[in-house]
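The values are calculated or read from the model by the stated rules, or taken from the named source; none is laboratory data. What you are looking at is a predicted structure, and each value in this text was computed from that prediction instead of being measured. Every residue, glycine as well, gets a Cβ built from its backbone with ideal geometry; the counts of neighbours run over all protein chains shown. When the accessible area is computed, the model is the full protein with side chains, heavy atoms only, and any ligands, DNA or RNA have been set aside. Shrake-Rupley method; radii C 1.70, N 1.55, O 1.52, S 1.80 Å.
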Amino acid sequence: MSMNSVLIKNANIVNEGKIMNGDVYIENGFFKEIAPQISAKSPNVNVFDAEGKYLLPGVIDDQVHFREPGLTHKATIETESRAAIAGGITSFIEMPNTNPQTTTIEKLEEKFEIAAKTSYANYSFMFGGTNDNLEEILKVDPKKVAALKLFLGSSTGNMLVDNPEVLEKIFASTDLLIAVHCEDESTIRNNTATYKVQYGDDIPIEMHPVIRNEEACYLSSSRAVALAKKTGARLHVFHLSTAKELELFTNKIPLKDKKITAEVCIHHLWFSDEDYKEKGTLIKWNPAVKTAKDRDALFKALLNDKLDVIATDHAPHTKEEKDNVYTKAPSGGPLVQHALPAMLEFYHREQISLEKIVEKMCHNPAILFQVEKRGYIKEGYHADAVLVDLNAPWTVNKDNIAYKCGWSPFEGTTFTSRITHTFVNGSLVYKNFKFYDVKNAQRLTFDR
């Protein structure tokens, strides 16, 4: 529901390491006042009583694949941004491996035009680097684009950057934040060939983390980190999946001063290789879900600040595509609707605080990407916010899954916490499984 003035009363406000009970007044899309008690300034104010609920800043997801253009049978910016707001994600940064790929300024702007018309959540896109588009990379305006994305391991769309000289030139030439997918391609190809000799195309899914193993991840991520240190580039390593890689990162300095940062994704915190037996290719991701030991180390690194942000790597495929044999089943799965509920489940298990969840999902993406005036509940900031009922259990099923692909790796899971309201730029866009047809999302801008 589009609204100029909103007053949220009696909320437990989770922000900047504290929880404060109070009221929040929103006017013309911005947080106007935050105080222990605020009175409605006119009869036209839309008042929400949040007694017992928790108010969080809108989540910023720094890594999604919404499949548009070119792969819209799987997903679109419209369908997946709609699912995102149901999950409390009010801003997303989408990847360049669409069809056509986002490797020219022209194709980048075409995606921005689609999002301006169809997105329910605030949006930005990463520009894709290749072995031969440095000239285009240098045209990108860092104030208007989230980052440069490089695939250092093969991925959907075949955007592998595998020329060492080109890679070093890109690192040395751009002021853009460089976000990387790190898996060593030759290691993966050799491992795949070995298991194909043994099994043909029907390799057991349990072999996925053996094929895309710790060595493949560490070889690639260590090279990227070394190159960033050599060139002074600003590097962000996506979706860490192994304990070994954690030695490459530090928690000794504040995030705003880090030149090399890292993220972890929901699936690498939730699942382990023990889950392949039940979930099969539904939890086939690149990098692979690995051991319980890796998962536990990642969670510890999240808490001690070696890992800076939590993301989804939301990458939907149809159920029919996922139901193929190993070599033909694509990697990736849908996650934006269930990421925050999953993290809140860890809160209920006393594994993480609400303040830490907000830090890693809201504040830190804003700091890391220098997003202007988002990620916090602060006066003068854009009013992206999420109300959560921590004790309203619900079960993920086909009737409440919002993804276009119609399935979730969490299907059958009961979450303790429910997102009850999502506000984007001050307007209510989602309430208790009901969507409002309000598209007042904005293009993210960056304070660089």
Exercise. For the range 107-199, what does the alpha-carbon gyration tensor say about shape, rounded, prolate or oblate, given a ≥ b ≥ c as the root eigenvalues, a/c under 1.5 as rounded, and a/b over b/c as prolate?
Worked result: oblate
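Could you work out what % of the accessible surface of the chain is carbon and sulfur, using a 1.4 angstrom probe and leaving DNA, RNA and ligands out of the count? Kindly include the intermediate steps, with their values, before the conclusion.
On the way: 7760 of 16950 Å².
C and S fraction of accessible area: 46 percent.
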Seminar exercise, completed: For the chain, the per residue accessible area (1.4 Å probe, Å²) is 38 Å²
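Between Asn99 and Asp202, what FRET efficiency comes out of the Förster formula 1/(1 + (r/R0)^6) with R0 = 30 Å and r the beta carbon distance, rounded to 0.05?
On the way: r = 28 Å, r/R0 = 0.92.
Calculated value: 0.60.
Classify the range 297-448: rounded, prolate or oblate, from the alpha-carbon gyration tensor (a ≥ b ≥ c, eigenvalue square roots; a/c under 1.5 rounded; otherwise prolate if a/b is larger than b/c)? Walk me through the numbers before you get to the answer.
Numbers: a/c = 1.42, a/b = 1.29, b/c = 1.10.
Taking the square roots of the gyration eigenvalues as a ≥ b ≥ c, the range 297-448 is rounded.
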Exercise. Between Asp132 and Ala40, what FRET efficiency comes out of the Förster formula 1/(1 + (r/R0)^6) with R0 = 56 Å and r the beta carbon distance, rounded to 0.05?
Worked result: 0.40
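Relative contact order for the chain using alpha-carbon pairs under 8 Å, separation at least 6, rounded to a whole percent?
On the way: 1065 pairs, mean separation 98.9, N = 448.
It rounds to 22 percent for the chain.
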Problem set entry | Stokes-Einstein diffusion coefficient of the range 366-448, Kirkwood radius over Cα pairs, 4 °C, 1.567 mPa s, in µm²/s | 87 µm²/s
For this session: Please give the contour-minus-distance gain from Lys230 to Asp275: 0.36 nm per residue of separation, less the Cα-Cα distance, rounded to one decimal in nm.
Result: 12.3 nm
Seminar exercise, completed: Per DSSP, the loop-located trypsin sites (Lys or Arg not before Pro) within the range 227-257 having at most 14 other beta carbons within 10 Å are Lys252
Exercise. Which whole-Hz ³J(HN,Hα) couplings does the range 264-279 yield from phi under the Karplus relation 6.51 cos²θ - 1.76 cosθ + 1.60, θ = phi - 60°, glycine and proline marked x?
Worked result: 10, 9, 3, 5, 7, 8, 9, 9, 9, 5, 5, 8, 4, 4, 7, 8
For this session: Using θ = phi - 60° and the Karplus relation 6.51 cos²θ - 1.76 cosθ + 1.60, list the HN-Hα couplings for the range 289-303 in order, rounded to whole Hz, with x at every Gly or Pro.
Result: 5, 10, 7, 4, 5, 4, 4, 5, 5, 4, 5, 4, 5, 5, 6
Problem set entry | Karplus-derived 3J(HN,Hα), 6.51/-1.76/1.60, for each residue of the range 211-218, Hz, glycine and proline x | 6, 9, 8, 4, 4, 4, 5, 5
Problem set entry | Pair Ala172, Glu109: separation of 7 Å Cα→Cβ label points (nm) | 3.1 nm
Seminar exercise, completed: Given backbone amide H placed at 1.01 Å from N, residues whose amide H is under 5 Å from that of Lys290, ignoring those fewer than 5 places away on the same chain, are Asp273
Problem set entry | Among (1) 27, 60, 13, 0; (2) 17, 29, 22, 16, 10, 5, 1; (3) 22, 48, 28, 1, the entry derived from the coordinates for P(r) over Cα pairs in 20 Å bins from 0, in percent | (1)
Seminar exercise, completed: Heads up, the range 222-359 by the C-alpha gyration tensor (a ≥ b ≥ c square roots of eigenvalues; a/c under 1.5 rounded, else a/b over b/c prolate, else oblate) looks oblate
For this session: Evaluate the distance, in nm, between pseudo-label points positioned 7 Å from the Cα of Asn28 and of Ser353 along their respective Cα→Cβ axes.
Result: 3.7 nm
Exercise. Once amide H atoms are placed 1.01 Å from N in the peptide plane, what residues at a sequence separation of 5 or more from Glu33, or on another chain, have their amide H within under 5 Å of its amide H?
Worked result: Tyr25
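Restricting to DSSP H runs of at least four residues, report the calculated mean residue ellipticity at 222 nm for the chain, -39500 (n - 2.57) per run over all residues, nearest 500 deg cm²/dmol. Write down the numbers at each step before the final one.
On the way: 14 runs with 121 residues, N = 448.
Value at 222 nm, helices only: -7500 deg cm²/dmol.
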Seminar exercise, completed: Once both label points are put 7 Å beyond Cα along the C-beta direction, the Ser222-Val47 separation in nm becomes 6.3 nm
Exercise. Name the GluC sites (Glu not before Pro) in the range 157-197 that are in a loop by DSSP and that have at most 10 other C-beta atoms within 10 Å, would you?
Worked result: none
